[in-house]
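In what follows, a single structure is set out as structure tokens and then discussed.
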Amino acid sequence: MKTIRTLATATAMALALATTAPAQTLTFAYDADPVSLDPHEQLSGGTLQLSHMIFDPLVRWNSELGFDPRLAESWERVDDTTVRFKIREGVKFHSGNDMTAEDVVYTIDRMKESPDFKGIFAAWETATAVDDYTVEVKTAGPNPLVLHTATYVFPMDKKFYEGQDEIVKHGDSFASSNVSGTGPFTITEREQGVKVVFERNPNYWDTDSPGNVQTAILTPIKEAPTRVAALLSGDVDFIAPVPPTDLERIDADENSKLVTMSGTRIITLQLNQNRNEALANPKVREAIVYAINNEGIVKKIMKGFGTAAAQQSPEGYLGYNADLAPRYDLEKAQALMAEAGYADGFNATMMCPNNRYVNDFKICEASAAMLAKIGINIDLTTMPKAQYWPKFDERAADIMMIGWHSDTEDSANFNEFLTMTPDEETGRGQYNSGNYSNAKVDELTLASLTETDEAKRAEMLQEVEKILYDEAAYVPLHWQDLAWAAGSNVEIEPVLNVMNFPYLGDLVVNE
Amino acid sequence: MHILAFLIRRAIQAVIVMFVISLIGFSIQGNLGDPLRELVGQSVSEAERQLLRDELGLNDPFFAQYARFMGNALQGDLGTSYFFKRPALDVILGKFPATFELVLGATVIFLAVSIPAGIYCAINRTSWFARIIMTGSIVGISVPVFLTAIFLQWIFAVELGWLPSSGRGDTITLPWGWDTGLLTIDGLAHLILPSIALSSIMLPLFIRLIRAEMMETMGTDYVRFARAKGLSTRRVRYVHAFRNTLLPVVTVGGLMIGTLIAYTILTETVFQWPGMGFMFLEAINRVDTPLIIAYIIMVGLIFVVVNTVVDFVYTLINPMVKLPGAKS
């Protein structure tokens with residue numbers, strides 16, 4: 001009798017364990033590991049991916065491009081220039097300190113000092129702790145992007161960092177090798193460029209999180225074929241990014257699964273109107289857009305791993321204008337060239353990076369060949385990104401490639417950097433190597449940055465896309481897709497998103 | 001006494017070599033690209049970047065920068081890596097054991113295979129097996145090492161699943177701070193594929209070299225004389241002939257160390273072996289100039305040291321050879 005009872009208890013316990021998903025180890029490989037543990041040192045995908053593991057943001061993006069509350073339980077707009085965040089109570093940092101409004105204010109002030117992040121926080125004039133668990137943010141003028149910006153606020157442990165929190169871009173600092181956040185993981189071991197070992201935070205505040213990864217080991221694998229080999233051989237459980245050439249192979253592998261998503265990084269060619277007289281003619285620019293078959297590029301060169309674009313804003317952004325479709329019509333392009341007085345064509349120089357975007361130089365080679373068909377002789381130079389950026393800053397060629405991802409996940413950001421009139425004072429148009437300038441575009445973009453009514457903003461931003469389209473301000477190519485791959489026991493789909501911040505704290509790994 | 005003079009002369013040579021390398025390295029660094037772009041996010045303004053450039057001293061004139069670098073270098077400071085945020089020399093020394101063990105693994109493999117194979121081919125010139133080895137070595141010499149590496153990785157790690165695909169596995173830290181993978185099963189398993197890949201560039205060359213030298217010595221007068229004297233075939237082949245075969249092998253081997261170091265860059269990259277070669281390629285991608293310069297200076301030093309060792313080994317194998325520059 002006793003044995004039976006023991007057996008029954010054991011079975012019950014086993015069942016109970018099965019439903020709470022036992023702790024698992026996850027090994028994963030990205031193409032790089034974070035440069036620093038200081039979340040404010042460098043604004044990059046790697047830093048943000050790390051931040052989502054050892055810290056928590058006030059709010060975070062969900063898969064519908066909406067906001068989920070995290071360390072901010074709720075928020076309310078008090079007036080046009082004020083937003084109040086209610087901070088979650090009872091959250092502890094890894095050091096054991098309590099997280100309060102003080103820490104949030106401290107973090108925001110620190111970001112305003114960071115060369116990389118201060119641009120994003122420029123519109124936040126002050127952040128003050130109203131009480132222990134309320135933070136009030138005042139913006140310079142009405143601001144529609146307060147929540148977008150709040151996704152960057154990962155509260156840091158003030159007591160832990162204060163006094164030794166200098167942000168150092170080169171050389172060592174306390175914050176670049178010591179860390180205390182509130183996140184689902186702590187770092188137990190780190191050898192830069194070789195591996196980072198994460199251990200689950202036993203006191204994690206989010207007890208509803210389904211995540212069951214106890215230990216996570218990040219191995220950076222720079223070479224794409226090696227990364228794929230590591231997954232297929234079972235050495236690692238999860239990899240990103242997946243190169244387009246290996247998508248089919250992983251899809252066909254029965255022990256692995258592939259997840260792809262349409263991305264938000266737009267790849268474009270800019271046409272310099274100051275360097276080349278012909279490119280100042282809107283008809284010529286239009287002819288170029290008509291001559292470049294970007295749907296063909298996506299199909300043949302990107303192997304379908306992208307979405308052909310006719311504008312900067314991807315679908316889901318406020319500025320996405322559903323009326324705009326990719327244009328390709330060789331005859332029309334030739335007619336436009338003749339109309340513009342360039343029936344015999346002209347010469348132009350072109351520069352592209354060869355290790356920055358997926359298939360970047362192949363895209364440029366194909367574009368150059370397509371432009372030859374309308375009589376434009378392209379002198380193409382490609383180079384590694386490290387050499388490309390100084391050339392880009394010099395505006396060293398008539399046609400230059402640039403890809404852009406909006407840091408705020410908002411359409412206005414594209415215009416601010418790529419299509420507004422270049423202005424050294426304000427920094428607008430910093431990446432507008434085409435020197436495209438249109439007062440209406442500038443005006444609408446600036447207005448959209450202080451308009452809190454979403455419908456009105458959408459109208460403004462969509463109008464900007466229409467103007468850029470009509471004037472062929474630049475050549476839109478495509479939005480790069482995103483891809484991740486994992487062993488079939490890893491439930492990656494629910495934690496992935498278009499920002500490419502896998503929320504590994506919520507990841508479930510099956511036996 | 002003349003050994004000391006020889007060593008001093010070599011030390012002076014090493015200093016000159018490293019000085020010249022540092023000057024060349026320093027003068028090309030401007031063409032590697034802009035390190036700032038790798039240090040900051042895309043939306044940081046040009047003015048902000050200029051400030052950082054000033055802080056890093058990158059806007060100073062070339063000679064001011066070089067003088068500062070030399071001043072620090074004389075005190076053993078080769079600069080601080082932008083990426084690792086630690087002294088470049090420390091980073092390189094930390095990566096050295098991994099590369100050393102990989103080169104060691106490759107050396108063991110190619111010696112263990114090329115010596116028997118070379119001798120066999122020299123003695124049984126017309127056998128079908130020797131022909132297979134010789135044909136195979138032609139194929140081997142023409143396949144690039146990264147292809148061999150990817151091929152091995154694919155067959156043995158992905159398809160067969162016998163060996164790990166990349167990385168160095170478990171390591172043990174020895175008392176003097178040397179991380180070794182040679183003392184763990186996991187570490188050794190990780191070492192096999194990269195070692196084979198790296199040895200594959202030396203193997204065909206050495207088989208052919210040993211075969212040719214062995215055939216030549218077998219035809220010399222003293223070997224014929226040894227036979228006439230009635231020494232056993234075994235003793236003639238493996239003591240008298242083989243010993244003299246080794247001399248050119250050591251020379252070429254010493255010269256090939258450079259090639260081996262160059263090929264560790266490719267092998268380490270494919271296998272994500274955390275050594276100096278992989279680190280160097282990454283440093284170039286990131287425009288981590290202090291690390292790049294420190295690496296090439298260190299490689300220059302390795303060359304001088306290896307050449308010196310080769311000269312010593314020479315005198316051990318053949319007492320007729322004198323140290324260069326030494327008076328009898």
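Quick notes
- Test item: Cα-centred dipole of segment A:277-382, Lys/Arg +1 and Asp/Glu -1 on Cβ, debye: 340
- Since only B:PRO116, A:GLY119, B:LEU188 are under comparison, the one whose Cα sits farthest along the positive direction of the charge dipole of the protein assembly as shown, derived from C-beta charges on Lys, Arg, Asp and Glu, is B:PRO116.
- Over chain A, relative contact order from alpha-carbon pairs under 8 Å, at least 6 apart, %: 20
- For the protein assembly as shown, the solvent-accessible area with a 1.4 angstrom probe is 44 square angstrom per residue.
- Each Lys and Arg contributes +1 and each Asp and Glu -1, all at the Cβ; summed about the Cα centre of the protein assembly as shown, the dipole is approximately 5740 debye.
- Relative contact order of chain B, pairs being alpha-carbon contacts under 8 Å that are 6 or more residues apart, as %: 27
- B:PHE280 exposes around 30 Å² of accessible area when a 1.4 Å probe is run over every protein chain in place.
- Crossing angle, helix A:101-111 versus chain A [Cα axis fit, 0-90 degrees, rounded to tens]: 30
- Interface residues of segment A:157-182, defined as a loss of at least 20 Å² in heavy-atom accessible area between the chain alone and the complex of all protein chains with a 1.4 Å probe, are A:LYS169, A:HIS170, A:GLY171, A:ASP172.
- Ranking A:ASP453, A:ASP323, A:ASP172 by solvent-accessible area of protein heavy atoms (1.4 Å probe, all protein chains present), from largest to smallest, gives A:ASP323, A:ASP172, A:ASP453.
- List of segment B:32-81 residues, accessible area with partners at least 50 Å² below that of the chain alone (1.4 Å probe): B:ARG37, B:GLU38, B:LEU39, B:GLN42, B:SER43, B:GLU48
- Split the accessible area of chain A by element, probe 1.4 Å, and carbon with sulfur accounts for 48%.
- Cysteines in the protein assembly as shown lacking a second Cys C-beta under 4.7 Å: B:CYS121
- Furthest towards positive pole of dipole, B:VAL310, B:VAL249, B:THR217, structure part chain B, Cβ charges: B:THR217
- Nearest-ten-degree value, helix A:2-19 long axis tilted from longest Cα axis of chain A: 20
- Shielding by partners - mean other protein chain Cβ count within 10 Å, residues of A:227-238: 5
- Association of chains B and A removes close to 3400 square angstrom of accessible area from solvent, both sides included, for a probe radius of 1.4 Å.
- Summing Cβ point charges (Lys, Arg +1; Asp, Glu -1) relative to the Cα centre of segment A:35-175 gives a dipole of roughly 260 debye.
- Relative contact order of segment B:206-261, defined on C-alpha pairs under 8 angstrom at six or more residues apart (%): 43
- Nearest 10 degrees, 0 to 90: helix B:289-317 Cα axis against chain B principal axis: 20
- Across B:ALA122, B:ALA98, B:ALA73, mean-square fluctuation computed from a Gaussian network of chain B (C-alpha pairs under 10 Å connected) peaks at B:ALA73.
- In terms of the mean number of neighbouring beta-carbon atoms within 10 Å, the peptides B:130-139, B:171-180 order highest first as B:130-139, B:171-180.
- Accessible area of A:TYR503 in the full protein assembly, 1.4 Å probe (Å², nearest 10): 20
- Selected from A:ALA240, A:TYR469, A:GLN312, residue furthest toward positive end of dipole (chain A; charges at beta carbon): A:ALA240
- All-pairs Cα distance distribution in segment B:90-288, expressed in whole percent, bin size 5 Å: 1, 7, 14, 16, 16, 14, 11, 8, 6, 4, 2, 1, 0, 0
- Efficiency of FRET from Cβ geometry, B:ASP170 and B:LEU104, R₀ 22 Å, rounded to 0.05: 0.80
- Contact residues in segment A:416-430 (at least 40 Å² less accessible area with all protein chains than alone, 1.4 Å probe): A:GLN430.
- Taking every residue in B:150-162 and counting other chain Cβ atoms within 10 Å of its Cβ, the average works out to 3.
- Trypsin sites (Lys or Arg not before Pro) within segment B:139-241, DSSP loop, no more than 11 other Cβ atoms inside 10 Å: B:LYS229
- Residue pairs, from the table A:LYS222/A:LYS385; A:LYS86/A:LYS138; A:LYS299/A:LYS391; A:LYS158/B:LYS95, whose Cα atoms sit over 26 Å apart: A:LYS299/A:LYS391; A:LYS158/B:LYS95
- Stokes-Einstein D for the protein assembly as shown, Kirkwood Rh over Cα pairs, 25 °C, 0.890 mPa s (µm²/s): 80
The values are calculated or read from the model by the stated rules, or taken from the named source; none is laboratory data. It should be emphasised that the depicted structure is a prediction, and the values quoted were computed from it without experimental measurement. We place every Cβ from the backbone using ideal geometry, glycine too, and count neighbours over all the protein chains shown. Keep in mind that these areas ignore ligands, DNA and RNA; they rest on the heavy atoms of the full protein, side chains included. Shrake-Rupley method; radii C 1.70, N 1.55, O 1.52, S 1.80 Å.
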